[in-house]
Amino acid sequence: MYPPNQQHPQVVTGAIGNQNRPNQKLWGGNVRRIMGILQIVFGVIELVIGIVVIFVPNNYYYVQDYVGYGIWTGVFAIVTGFLGVFSLMTKCMVIAYMVTSIITAVLSAGCCLYAIDGAIVGAKHSYYAQGANMALYIILCIIVFAQMVISIIGASFTCNAVCSTTGQPQQVVYLSPQPVPQQCVPPPQYTVNAPQSGIAYNTTAPTAHGAFVSPKI
């Protein structure tokens with residue numbers, strides 16, 4: 001119980017500053033889904049090129065063809081893409097997609113350097129299928145570069161969802177003003193002396209409609 005003239009606190013539970021916006025952890029979900037689909041498509045292309053490069057006749061002394069860099073990068077990109085497609089569901093999926101996108105971007109940068117080296121050095125020293133080998137490495141270089149850019153974009157659209165408010169309920173206390181009873185105070189009285197006529201006037205403070213003056217003999 002509160003005193004009659006004291007303000008009564010009111011506790012309101014709800015999400016603060018989030019009434020007119022969607023859940024922050026799902027922010028940018030459509031962009032992440034598109035980036036995830038592109039990562040899956042490019043990952044499949046990288047996987048296929050990495051397998052084809054192994055079976056294309058080439059100089060056996062160039063062991064870089066058999067490392068399968070495109071295969072491992074493609075597999076990891078496919079996994080990252082699926083996480084991006086399903087990252088609209090929970091915040092944990094968003095965090096997983098952010099981490100794997102960063103790793104995919106790093107792997108794609110390394111695979112791009114690998115493809116450039118394979119196109120220049122490998123095609124130069126290859127005795128068989130020189131044109132096909134060079135074309136595969138050039139295509140792989142373009143694909144992994146696009147994969148790197150897509151992974152960076154996908155990871156950047158997870159920052160707001162992870163770092164901003166999650167819309168958890170919070171309590172806010174509001175103080176509602178209570179009416180205060182008013183008391184009627186009589187107006188002060190004062191005496192005005194008029195020396196010319198010898199008559200003193202007793203008057204009160206002016207009211208809303210003017211002052212009331214009563215002569216005092």
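Scanning the range 86-103 for residues that are of a type outside the set (A, V, I, L, M) and assigned to a loop (DSSP other than H, G, I, E, B) yields Phe86, Ser87, Thr90.
Within the range 122-171, track down each residue that is more than 30 Å from the chain's Cα centre (by Cα) and at pLDDT below 70. Gly122, Ala123, Lys124, His125, Ser126, Tyr127, Tyr128, Ala129, Gln130 - these are the residues of the range 122-171 that are more than 30 Å from the chain's Cα centre (by Cα) and at pLDDT below 70.
The values are calculated or read from the model by the stated rules, or taken from the named source; none is laboratory data. A quick note: this is a predicted structure, and the numbers were derived from the prediction, not measured.
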